[in-house]
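The values are calculated or read from the model by the stated rules, or taken from the named source; none is laboratory data. Treat the numbers as computed from the prediction; the structure is a model and nothing was measured. Virtual Cβ from ideal backbone geometry, glycine too; neighbours counted across all protein chains shown. In case anyone asks, the SASA skips ligands and DNA or RNA and just uses the protein heavy atoms, side chains included. Shrake-Rupley method; radii C 1.70, N 1.55, O 1.52, S 1.80 Å.
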There are 2 protein chains.
Amino acid sequence: MNDFDIKSAIRTVPHWPKPGIMFRDITTLIENPRAFRYCIDRFKEKYQPTGITKIAGIESRGFVFGAALALELGLPFVLIRKKGKLPAAVFAQEYALEYGVDKIEVHQNSITSGDRVLIVDDLLATGGTAMAACQLVEKCGGTIVGSAFVINLPELKGVEKLRKYNPFYLVEFAGE
Amino acid sequence: MNDFDIKSAIRTVPHWPKPGIMFRDITTLIENPRAFRYCIDRFKEKYQPTGITKIAGIESRGFVFGAALALELGLPFVLIRKKGKLPAAVFAQEYALEYGVDKIEVHQNSITSGDRVLIVDDLLATGGTAMAACQLVEKCGGTIVGSAFVINLPELKGVEKLRKYNPFYLVEFAGE
């Protein structure tokens, strides 16, 4: 299965969540077992040689790809969640929304110094959430080895924003 | 690794999210690769012979176990999400909260008649959300083969409530 095939497994929903937005929907991809397996195999092949020690997934579509990859690599899977969802002591990191700010959190004891961490999410847009996730890992004392996404939206320049965290993606959608 | 071991991998956080609640926290379990692998292997061994055609995970901790199991079994993974999160046409199902009601949704074309579906979530408490998820699958025309959980809280009687949907779990916590 090549890149074209997984791209065709992703559905575009026009004008969602608001007029003018072309939403790239990964539900059709994960409902296609060959496409889902292809994504995980590509990530595995890229990150297995890097000596990562933990995988952190961003709530909630990042849990789908992150958990599957963590199982496959036999690595700990860490949840990065929206505020107020984690029960024990957390570190928090704010990030800007279109209007206002939001916050993500991680358990303080989930990542420690010496950990080499891969961040996983389904889609890289402006990179705001992913950047906050990387900063959160660093607050815990961990090192970011890379950030992995299924989809990149190049027009939103997330790759430039995340440059120091080695962004990697499987497919791009630009002006389509 | 036996049942005792995965139970010991689950952290109990007292008085969260409110006084008197003993919260069973699976983040420590999924940060333990042997414990996470054990859960997925147990589910795999139970459901591989049943002829299920799809796995549906309940947002958002159900995504962690459901996605990993779907990858392992080579089956489509369907997201059951909180209201307003899915971009295409959905079926919705209400369920009762302690005060008021909430709603979960699934894409209408994600499950069709002839599908034999396994519902996956991390924890079975009163069974309200899981019951709504099963009803949602039936609205799509699918058949529920079973409902699988890592943890059961027997005092909340979810197993009785879900009886017709064949609930199965790996560990129980009662009055501890």
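Before moving on, here are some points about what is shown:
- Among (1) open to solvent by 20 Å² or more (accessible area, probe 1.4 Å); (2) in contact with a helix residue (DSSP H, G or I) (Cβ under 7 Å, 6 or more places away or on another chain), the one test that A:Thr129 misses: (2)
- Within region B:106-126, if we keep just the residues that are open to solvent by 20 Å² or more (accessible area, probe 1.4 Å) and among the aliphatic types (A, V, I, L, M), the residue that is farthest from the chain's Cα centre (by Cα) turns out to be B:Ala125.
- In region A:1-42, residue surrounded by the most Cβ atoms within 10 Å (Cβ to Cβ) [restricted to those that are polar (S, T, N, Q) and facing another protein chain (nearest Cβ under 10 Å)]: A:Thr27
- Residue under evaluation B:Val101, criteria (1) open to solvent by 70 Å² or more (accessible area, probe 1.4 Å); (2) in contact (Cβ under 8 Å) with a residue 12 or more places away in the chain; (3) of a type in the set (Val, Ile, Thr), criterion not met: (2)
- When B:Gly66 is tested against the conditions (1) out of contact with any strand residue (DSSP E or B) (no Cβ under 7 Å at 6 or more places or on another chain); (2) more than 7 Å from chain A (Cβ to nearest Cβ), the lone failure is (1).
- Strands (runs of 3 or more DSSP E) lying entirely in region A:85-176 (those with 2 or more residues that are within 20 Å of B:Ile26 (Cα to Cα)): A:90-96, A:101-107, A:116-124
- Selection status of A:Glu72, open to solvent by 40 Å² or more (accessible area, probe 1.4 Å), more than 14 Å from the chain's Cα centre (by Cα) and facing chain B (nearest Cβ under 10 Å): yes
- Applying the condition of being of a type in the set (Val, Ile, Thr) and open to solvent by 10 Å² or more (accessible area, probe 1.4 Å) to region B:43-63 and asking which residue is nearest to the other protein chains (Cβ to nearest Cβ) yields B:Thr53.
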